[in-house]
Amino acid sequence: MNIGKIEAGRLLITSKNVKDADFSGHRSQVWEVVESRFERCKFENLRVKDFCFGAGKKSTDYIDCSFDGSHIRALIPGRARFIRCSFRNVRLEKWLCNDAEFIDCVFTGTLREINFNRALDKEAHGQLGRKENIYTGNDFSGATLEWVGFIGGVDLTAQRLPTGEQYLYLPEAERILAAAFAEVDQWHQADRDVVRGKLETARNSVHYGQHQLFFGPEMFSARSPETAKTFGRLREVLLAAKANLEQAGDSAGIELPNLAIDRRTVHGHGFVYFRARDQGDAGRSLGLPAGPLTKDAAGVAAFDGVTAHAVEPNLALGELVALAQGVRWHLGLSRIVSVWPPAETEPRSIEEAMALPEDSSWREPGPGLQELGIATRDSLAAIREEQQTQIAAQWSKATVFTHFQDTDPDSMLTIVRELVHLAQRARAADEQLYCWIPGAAEAPGSDR
């Protein structure tokens, strides 16, 4: 079967009904597909600079297709419908999905500068036979989202979203933003001016029908420490407004999104906290197949450590440190140093990230390593046994754990005890505390 033709380096497929075909590794950097249908086809390990998935007036359908391992830029994806498609270990960049639909698809890898738009231009209603784009049942929980927007009324409760302190989900955005504006308007003018632009952009999204908002790391990142601190205050304001809304019961009837967390997550494999003499000693963990807790032939772990998947080092552990110190969590509470990848090599913009070489540790990150600092170690070590039950109960109510199901006080008490005893052993041995962060291959759910 003659599926398509190549003209001047462009692969063109028009009006085809294709089943079980394998396009994997195809070298054409420009693709254009017109009013076709693909079932159980493979588009894996592609490197495409411009992919129009659905040219023409009618939709092109991709059903049970795999795009695993592909790097694809698709500024105008076109009129395409993706049903039960796999986008695992991908890098998708610059997609403006104004006429596309995604149903029951799964994503892992990196999605950058993408808009998923439910609203459909009126001109397309008759041609496509629908009044809006459908987004339902999609699993983004294993992906990294950077500058990704859900707009035009995408129902985020019908998606599985990634978690972590770098993300923020607002279930009833209009009311939360109103509270945030009221709080920010009382700030000093310089700080107020820095953050109002972000709040205005978020409010515009609500105005155009996106009543649930999901923010990625770009919402709160900044080049200067001063601006980063101000954005950190903005995050605290939004979290507080969200918590107040939920605690007041005003959000009754609002369904929270499925955040892909099961009952074992908090205690499962993931972040490993361990002690070591210094950064050089801790760095040995990066070369071990299972990280710091890799066992030798005698069954002895390489380092003394504990696992706590849901307890990432910045916000989640930071909340515990704040409770130990008797203060509110704030940026700068814990001095965390990135040992690997080195902090000084981290890209500071989307353009810098896109220009990274293929072998960059920031492009396809393996395990990460962070040093937690003496203040964190000693704050945890100072938690007395008679305090631990109360602190665990308070920690279990932290906003960062809102969507986890196994963060009852008794469960969190187990983690508190493990971390406190580890910190005490580190202090006694004059050692530092480190956090080993799994890479994509080690992360739970990475084989989904």
Original post:
Could you give every pair whose Cβ atoms fall below 9 Å, whose first residue belongs to the range 275-298 and is crowded, with 16+ Cβ neighbours inside 10 Å, and whose second residue is assigned to a loop (DSSP other than H, G, I, E, B) and among the hydroxyl-bearing types (Ser, Thr, Tyr), counting only separations of at least 6 or pairs across chains?
Top reply: 285/294; 288/294
Subject >> Subset of the range 216-226 [surrounded by fewer than 16 Cβ atoms within 10 Å (Cβ to Cβ) and at pLDDT 85 or above] >> reply: 217
Subject >> Total residues in the range 8-42, condition among the acidic types (Asp, Glu) and either closer than 16 Å to residue 52 by Cα or outside any strand (DSSP E or B) (or both) >> reply: 3
**OP:** From 165, 172, grab the single residue that is among the acidic types (Asp, Glu), open to solvent by less than 60 Å² (accessible area, probe 1.4 Å) and under 30 Å from residue 438 (Cβ atoms).
**Re:** 165
Subject >> Members of the range 199-215 found to be among the hydroxyl-bearing types (Ser, Thr, Tyr) and crowded, with 17+ Cβ neighbours inside 10 Å, listed by number >> reply: 205
Original post:
So how many residues does the range 24-44 have that are crowded, with 16+ Cβ neighbours inside 10 Å, closer than 23 Å to residue 91 by Cα and in contact with an Asp or Glu (Cβ under 8 Å, 6 or more places away or on another chain)?
Top reply: 7
**OP:** Determine if the range 433-442 includes at least one residue that is at pLDDT below 95, open to solvent by less than 50 Å² (accessible area, probe 1.4 Å) and more than 16 Å from the chain's Cα centre (by Cα).
**Re:** yes
Original post:
Within the range 230-253, can one find any residue that is outside any loop (DSSP other than H, G, I, E, B), over 29 Å from residue 416 (Cα atoms), in contact with an Asp or Glu (Cβ under 9 Å, 6 or more places away or on another chain) and modelled with pLDDT of 85 or more?
Top reply: yes
Original post:
Restricting the search to the range 193-208, which residues are basic (Lys, Arg) and under 27 Å from residue 121 (Cα atoms)?
Top reply: 198, 203
**OP:** Tally the residues that are in contact (Cβ under 8 Å) with a residue 60 or more places away in the chain and in contact with a Ser or Thr (Cβ under 9 Å, 6 or more places away or on another chain), restricting the search to the range 173-183.
**Re:** 1
Original post:
Does any residue in the range 184-212 that is free of Cβ contacts under 8 Å to residues at least 24 places away in the same chain come within less than 7 Å, Cβ to Cβ, of a residue that is crowded, with 17+ Cβ neighbours inside 10 Å six or more places away or on a different chain, and which pairs are these?
Top reply: 192/184; 196/184
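The values are calculated or read from the model by the stated rules, or taken from the named source; none is laboratory data. Owing to the predicted nature of the structure, the values given are computational and were not obtained by experimental measurement. Every residue, glycine as well, gets a Cβ built from its backbone with ideal geometry; the counts of neighbours run over all protein chains shown. Surface accessibility is based on the protein's heavy atoms, side chains included, excluding ligands, DNA and RNA. Shrake-Rupley method; radii C 1.70, N 1.55, O 1.52, S 1.80 Å.
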